[in-house]
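What follows is calculated from the coordinates using simple rules that are stated; it is not laboratory data. Not measured: the values here are computed from a predicted model. For neighbour counting, all protein chains shown are included, and Cβ atoms are generated from backbone atoms with ideal geometry for every residue, glycine included.
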Amino acid sequence: MRSLTMFFACALLATTLASCLRDTCEAEVEYIRYDPIYVQPTSFRTEIGPEAPRELENPGKIYAYGDYLFINEPQQGIHLFDNADPENPQAISFIEIEGNVDMAVQNGLLYADNFVDLVVFDIRNPESIEMVGRTENVFPDYGFEPERGFLVDYEETNIVEKKPCSESDWFRGGDGTFWLRAEVDFSTAVSNDAGVPSPNQTGVGGSLARFTIGFNRLYVADDSDQLKVFSLRTPEQPELVNTSYIGWAIETIFPYGEHLFIGAANGMHIVSVEDPDNPQHLSTFWHTTACDPVYIDGDYAYVTLRDGTECEGFANQLDVVNIEDLFNPRLVRTFPMHHPIGLSVRDQHLYLCDDDAGLKVFDASDPAQVGNRLLKQVKNINAVDAIALPGRPVLMIIGRDGLYQFDISEPANPLPLSVIPAFES
């Protein structure tokens, strides 16, 4: 009886103490709140035209077409520059395109995403750009409500607050956002004396592409893990002719010959477009989960993997993959890196954007040794993606703090030409 009395007394004391602790204890919790973003189609399905130039604030994808340079401002639109003189690029205009993250150009027509739609602009006269087409409901949305419109994204807010201990069991989100696209093309743009690409030519973009043009088609690796094919037979009104599932978390697209190399969070997919309207999956090179831009040069694919992203990977490395047999890609070697993102290859030199470690130049004459042959490192820039301009000894590097251009007449020794700085709002 005494033991039972002592048990109840101790239980009562424990309950009282727990109650006191709950009343007085506070815990600091940190979590990410996701607020849905809805847009009504009437708010963005309007005539879009050029505006006066704006300062660059949040650089996104880059694209070069003849003597012109395009820089995406994610979710806002596209900056257009005259880059005939890379030492002194001149701002021409800003095209405000809500929900925009990607672009591609062919024959003087600019193709860009506008939330769920694909829009087309005639840029043959860059001083007087005109919207000439719209294809509706071709890109992913996450639902539609008549009163609120399309659910197109989530706004991420980092919250730190104090909560009673009893309420501190919060879910803590990761990065969790979706990351989008630029463009690389099948052909090399050739400029005439006026600096405008010749007929049937396209521009060139970076290795973070989700848009690319070839065979008179626009190929898009979209956020729903699908490859979409748009016919450009009627250039001002692209027609969606095919949609196929490629794989989980596809992120980038790189064309080479009659093939597309599609980077995904867990591998590189090789797709044949010998039949341009009907892409056929050939094989996949699997790797550890990480974001992976891809660049192809001859029989080799250069794949960068990085951590700390929405891909939730832990690798920071450069993979060199032999793709001589497209049905059986094989890893040649892996090289550790700091935090590699975009990349480009020109004249047996690999230009690798290693985030806050800057731009790295490697000797790529022997792909199996490339990571061991660092020739130069430009440390004073934050490097995200690269374009080596076709036919010109100019390297563009886009970073979080702006766009940098280098003279690569001596490939191993990039010399600064100009900077378009980014100003945070």
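Amide H to amide H, which residues 5 or more places from L375 or on other chains are under 5 Å from it, using H placed in the peptide plane?
V361, F362, D363
Calculate one ³J(HN,Hα) per residue across segment 220-228 by plugging θ = phi - 60° into the Karplus curve 6.51 cos²θ - 1.76 cosθ + 1.60, and present them in order as whole Hz with x for glycine and proline.
Couplings: 10, 8, 9, 6, 9, 6, 10, 9, 10 Hz.
Neighbouring Cβ atoms within 10 Å as the yardstick, rank R210, R373, R148 fewest first. Before the final figure, lay out each step's value.
Details: R210 26, R373 16, R148 13.
Starting with the residue having the fewest Cβ neighbours, the order is R148, R373, R210.
Going by C-beta contacts inside 10 Å, put D222, D122 in order with the fewest on the left. Provide the component values of the computation, followed by the final result.
Values: D222 21, D122 17.
Sorted ascending by nearby Cβ count, the order is D122, D222.
Under 5 Å between amide H atoms, partner at least 5 residues away or on a different chain: which partners does G399 have, H built in plane at 1.01 Å?
V384, Y404
Quick query: amide H of I48 versus all other amide H atoms, modeled in the peptide plane; which residues come in under 5 Å with a sequence gap of 5 or more or a different chain?
For I48, the qualifying residues are M131.
List the chymotrypsin sites (Phe, Trp or Tyr not before Pro) within segment 218-294 that fall in a DSSP loop (any state other than H, G, I, E or B) and whose Cβ has at most 16 other Cβ atoms within 10 Å.
Numbers: sites: Y219, F230, Y245, W248, Y256, F261, F285, W286; in loops: W248.
Sparse-neighbourhood loop chymotrypsin sites (Phe, Trp or Tyr not before Pro): W248.
If we count other beta carbons within 10 Å of each Cβ, what is the order of I246, I341, fewest first? If you can, show how the numbers build up before the last one.
Working: I246 19, I341 25.
By the 10 Å Cβ count, ascending: I246, I341.
In whole Hz, what ³J(HN,Hα) sequence does segment 63-80 give by Karplus (6.51, -1.76, 1.60; θ = phi - 60°), x for Gly and Pro?
Along segment 63-80, the couplings run 8, 10, 9, x, 8, 10, 10, 10, 10, 7, 9, x, 6, 10, x, 10, 8, 10 Hz.
Give me a comma-separated list of calculated 3J(HN,Hα) values for segment 120-131, in order, Karplus coefficients 6.51, -1.76, 1.60 applied at θ = phi - 60°, integers in Hz, x for any Gly or Pro.
Rounded to whole hertz, the list is 10, 10, 8, 10, 4, 10, x, 7, 9, 6, 9, 6.
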